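Worksheet for the structure shown next.
What follows draws every value from the coordinates through simple rules; no lab data is involved. Just so you know, these numbers come straight off a predicted model, no measurement behind them. Positions of Cβ are generated from backbone atoms using ideal geometry, with glycine treated the same way; all protein chains shown enter the neighbour counts.
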Amino acid sequence: FFPPILKGFLTETGLEAANLGIQVFGGHGYIHDHGMEQIARDARIATLYEGTTGIQALDLLGRKVLLATKGKCVRDFTKVMFDFAKQHALAGTPLGKMSRSLLKRALEWNVLTTRIMLRARSDRELVGSASVDYLMYSGYVMMAYFWALQAGKAAELLANGKGKEADAFYQAKIQTAEFYFARLLPRANAHRTCAVAPTKAVMQMDNNHFTLE
């Protein structure tokens, strides 16, 4: 359950980060001098070897979620999310806000999985068309949980003064988690919508229309 999400999601977002690095340098990022083009090439191959993102997505949704566990792997992980989030959901702190979002996402992930499971019984193309979006949705939600864990630990160390790093380090952890929840996690909404979109839009075109002649 974890490997296809982590491999697929992190390599795709790593490639995005490498491309943004080139963008920061502008034209200088495109040439050899600063090494950004090498980083981008290295990041690109990571999405391909040991199973492309598409293969990882099919393994996640088709094999691990639907066939092997019938959604139990998602239910088990979202229970961990729920148990953590409910401890902090009433707090008027950044962690409290993150926890309330996690509670919503835990329910949403299970609903999405169930919808796909039920529809896949009558639509054999659904798993293929939904798999990459399902993987990316899962990645964004899973990473939200791990960012909330980091924010919670950082807040704890700030409060008790037992951290080995400067307070600014732990404050930056909380602020980065807030950035993730505000600016990156909402991308999951688009992936959720696409994952349950009708498969007709994907499959209706005749194969001959893909030729270059």
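Figures for the structure shown
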read-out: Per-residue ³J(HN,Hα) for the stretch 95-101, Karplus 6.51 cos²θ - 1.76 cosθ + 1.60, θ = phi - 60°, Hz, x for Gly and Pro; value: 5, x, 5, 4, 5, 5, 5
read-out: Over the chain: helical MRE at 222 nm, DSSP H runs n ≥ 4 each giving -39500 (n - 2.57), nearest 500; value: -23000 deg cm²/dmol
read-out: Cα gyration tensor, the stretch 5-86 - rounded (a/c under 1.5), prolate or oblate; value: oblate
read-out: J(HN,Hα) series, the stretch 34-51, from Karplus relation 6.51 cos²θ - 1.76 cosθ + 1.60, nearest Hz, glycine and proline x; value: 9, x, 5, 5, 5, 4, 5, 5, 5, 5, 5, 5, 5, 7, 10, 6, 6, x
read-out: Per-q log10 I(q)/I(0), the stretch 164-213, q = 0.23 Å⁻¹ (Debye; single scatterer per alpha-carbon; no solvent); value: -0.87
read-out: Relative frequency of Cα-Cα separations exceeding 23 Å in the chain, percent; value: 56
read-out: Nitroxide proxy distance, nm - points 7 Å out along Cα→Cβ at Val24 and Phe210; value: 3.8
read-out: Square roots of 5 times each gyration tensor eigenvalue, C-alpha, the stretch 1-51, largest first, Å; value: 25, 10, 5
read-out: Per principal axis, descending, Cα span of the stretch 34-142 in whole Å; value: 50, 45, 18
read-out: Sorted by Cβ density within 10 Å, fewest first, the residues His28, His88, His34, His209; value: His209, His28, His34, His88
read-out: Distance between the stretch 165-179 and the stretch 76-134 - C-alpha centres, whole angstrom; value: 26
read-out: Neighbour net charge for Ser122 - beta-carbon separation under 14 angstrom, K R +1, D E -1; value: +3
read-out: Distance (nanometres) between label positions extended 7 Å along Cα→Cβ at Asp123 and Arg183; value: 3.5
